There are 2 protein chains.
Amino acid sequence: MAIKIHGGKFLIAGGASLVGSHLVKGLLAKNASEVVVYDPVLFDANDSLGDLKKDPRVRLVSGDVMKLHQFIKHMDGIDGAINLAAYMSLGFSQNPWDAIDVNIKGHMNFLESARINKVGKVIFASSSAVYGFGIGGPITEDMPHKVSDNPPSAVAYGSSKIIGEQLCRMYKQNYNLDYLALRFSTVYGENQHHRAANALYIIDTYERLLRGEPAQLFGDGSESKDFVYVGDVARAILMGLESDATDDAMNISGGRSTPTKELVAMIAKIVGSDLEPEYIQEDGRVRLKSGAGLYYVNTKAFDVLGWKPEMSIEDGIRRLIKTLS
Amino acid sequence: MAIKIHGGKFLIAGGASLVGSHLVKGLLAKNASEVVVYDPVLFDANDSLGDLKKDPRVRLVSGDVMKLHQFIKHMDGIDGAINLAAYMSLGFSQNPWDAIDVNIKGHMNFLESARINKVGKVIFASSSAVYGFGIGGPITEDMPHKVSDNPPSAVAYGSSKIIGEQLCRMYKQNYNLDYLALRFSTVYGENQHHRAANALYIIDTYERLLRGEPAQLFGDGSESKDFVYVGDVARAILMGLESDATDDAMNISGGRSTPTKELVAMIAKIVGSDLEPEYIQEDGRVRLKSGAGLYYVNTKAFDVLGWKPEMSIEDGIRRLIKTLS
């Protein structure tokens, strides 16, 4: 079913996150009557939400996705709920127990609370990690999960998102709970946090150049990512809520392959640095490999939701960097 | 590290199962000094373990993989531990919450108990479900997980096994806990239980023929499974314990593709029925599709462990059927 945002009530699990802060803004701009930010607020809530917290329609709940009773209570009267609460590959590597709890059991609690409270529709933040890492070229929604030759934390993260999608399918089958699973590629933007291994590279590179050190390129710099601007991601969630589409999963991505060396050149241009990057080999950091020409085809999101990304990567990176200085 | 079975102590989580009963027998035959069968014994323990329970070396513990303290207590002094405790696709469909708890959190508790008690080696019962369903031809260990076009319970089951393997890898990396993950194909054998959607078909077909009803074939009967005899599976686990191999995953399979119509003909021959099978379309039961010519290549298990299956499917089915009459 389609959810009307004007006058509606929404709950965002993990709402004090990068995507969460932009989503809160988007819901308020479309005249939602209430936005519950359900988040342990252990991370960067103050930075990311900023002045949004002062809006009387925003209710900040120090909520734990592992507490079903608390979730059920705060889901009362909600029209649409969005689950952004998750650990990513880095978190899986540092703390696999909490990561599995939050990504799988937390999501089950989210769905159960939504079902009990007859929430009209839920949006699940899935990930392009469902395809695995070390792949290249254009990736469509029907592709399998590449497991071999990847670090255990990355595979576990991808699998946790696959299970998350299957739980949505089961709740639709068994209880007719409407949902959409949106598979985000590498999200970046203003107030970028420091928990995403891929987007973090932008910040690292920027800070190196600022210190007068050369940017670091791995291998020959042809490895590619598909970056998607956080504002475009928030807009996809809003369009997902407003759409009649249900029981489906789709890529929400830039739809464009950015080789690392191109990314570094972009950042150097913004900073005004003419330092040549240095080419280095592996250095032991958690780094998720990708093949050449990698991007996630996003035409399904256009066909189903009418969504496509609007921000160019140059402008998006400029915005991100502005919030760093 | 290699574990000496003679004089050794072993714990089998989910030990009152089809594979468990054959494994207990195998460990006792190789003069293990103690075998702890850790199992809620909610299922068919009495049937499957039978006289094995009378052996003074067998200790039956009504153990719950969700209780970490209980697991830790009973893992004390154990040389090798095997985790067979799991829900399969049918269980994921009927009870996703318990299934996810047991397959993922239960396995984490298993590994944590083994680590704390300095168990020498663990064996994880993985599954050919890590490749997904609806695939055909020869399947090797490096192949991806096919997610699309499969029922949510089957995808969630396969993903839970992938996560289980990744947790083993993390415990090896972080704590040097030796492990092998063995990916079983469709296990069948004496005292076949009624929880496995694939092997159940053998029993169904047998019972139909016995009642004078025709066997039922789906589609054109070319859909294939790779059956592996439970005694061969138990032997693979013993060889895995005794081997120096660690930090690896491999197929434990029949290594042969059996089309459904060939399987049905085999059962008809054993029963002495000349009834023609009936070809039917889908009937709404949980059924896991497979492509033509499906089998799981098992040469890696031979290279690493020296294992290969020994039971022919004809003889194996004869044995299964004998325990039904």
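Values quoted throughout were computed directly from the atomic coordinates according to the rules given, and no laboratory measurement underlies them. Since this is a predicted model, take the numbers as computed values, not measurements. When we count neighbours, we look across all protein chains shown, and the Cβ atoms used for this are built from the backbone with ideal geometry, even at glycine.
Whole Å is fine, so just give me how far the alpha carbon centre of segment A:165-221 lies from that of segment B:68-126.
32
Taking only Cα atoms and a 10 Å spring cutoff, compute GNM fluctuations for chain A and point out the largest among A:Glu213, A:Glu242, A:Glu165.
Of A:Glu213, A:Glu242, A:Glu165, the Gaussian network model singles out A:Glu213 as fluctuating most.
What ranking of B:Lys161, A:Lys322, A:Lys30 emerges when the number of other C-beta atoms within 10 Å of each C-beta is taken as an exposure proxy, fewest first?
A:Lys322, A:Lys30, B:Lys161
On alpha-carbon atoms, Rg over Rh for segment A:93-243 using Kirkwood Rh?
My calculation of the ratio gives 1.01.
In peptide B:85-96, what is the residue-averaged number of other protein chain Cβ atoms found within 10 Å of each Cβ?
1
Would you kindly derive the ³J(HN,Hα) couplings of segment B:9-16 from the backbone phi angles with the Karplus curve 6.51 cos²θ - 1.76 cosθ + 1.60 (θ = phi - 60°), listing them in order in whole Hz, with x for Gly and Pro?
With the stated coefficients, segment B:9-16 comes to 10, 10, 10, 10, 6, x, x, 8 Hz.
Once both axes come from the Cα atoms, what is the angle between helix A:230-242 and the longest principal axis of chain A, in degrees from 0 to 90, rounded to 10?
For helix A:230-242, the angle is close to 30 degrees.
Below 8 Å between Cα atoms, with a sequence gap of 6+, how large is the relative contact order for segment A:119-262 in percent?
About 31 percent, as a whole number.
Do me a favour and compute the ellipsoid semi-axes for segment B:184-325 from its Cα gyration tensor, root of five times each eigenvalue, largest one first, whole Å.
29, 16, 12
Taking the 0 to 90 degree range and rounding to the nearest ten, how far is the long axis of helix A:260-271 tilted relative to the main principal axis of chain A, both from C-alpha atoms?
Roughly 90 degrees between the two axes.
Quick one: label points 7 angstrom along Cα→Cβ at B:Glu213, distances to the other copies in nm, smallest first?
Label point to label point, same position, other copies: 7.2 nm.
Longer than 31 Å from Cα to Cα, which of A:Lys73/B:Lys105; A:Lys4/A:Lys73; A:Lys289/B:Lys118 are they? Say none if no pair is.
Flagged as over cut-off: A:Lys289/B:Lys118.
Note the distances from A:Ala2 to each other copy's matching label point, with points 7 Å along the Cα-to-beta-carbon direction, in nm, sorted shortest first.
For A:Ala2, the other copies' label points sit at 7.0 nm, shortest first.
If you average the sequence gap of Cα pairs under 8 Å that are 6 or more apart and divide by the length of chain A, what percent do you get for the contact order?
RCO, chain A: 20 percent.
Compute the label zone of A:Arg59 within segment A:68-84: residues whose backbone N is under 16 Å from the point 7 Å along Cα-to-Cβ.
Of the residues in segment A:68-84, A:69-82 have backbone N under 16 Å from the label point off A:Arg59.
Kindly count the pairs of lysines across segment A:135-284 whose alpha carbons are less than 26 Å apart, treating pairs on different chains or eight or more residues apart as eligible.
Lysine pair count for segment A:135-284: 8.
On a 0 to 90 degree scale, rounded to 10, what angle separates helix A:18-29 from the longest Cα axis of chain A?
Tilt of helix A:18-29: around 50 degrees.
Along Cα-to-Cβ, 7 Å out, sits the label point; list in nm, shortest first, how far the one on B:Gln173 is from those in the other copies.
With the label placed 7 Å along Cα→Cβ, B:Gln173 yields 3.2 nm.
Provide the FRET efficiency to the nearest 0.05 for the A:Arg318-A:Glu278 pair, computing r from the beta carbons and using R0 = 25 Å.
0.55
Sorted by packing (mean other beta-carbon atoms within 10 Å per residue), highest first, where do B:72-79, B:175-182, B:8-15 land?
Ranked by mean Cβ neighbours within 10 Å, highest first: B:8-15, B:175-182, B:72-79.
What fraction, in whole percent, of alpha-carbon pairs in chain A exceed 29 Å separation?
Value for chain A (Cα pairs over 29 Å): 33 percent.
What does the net charge come to around A:Gly164 if you take all other residues with beta carbon closer than 12 Å to its beta carbon, with K and R at +1 and D and E at -1?
+3
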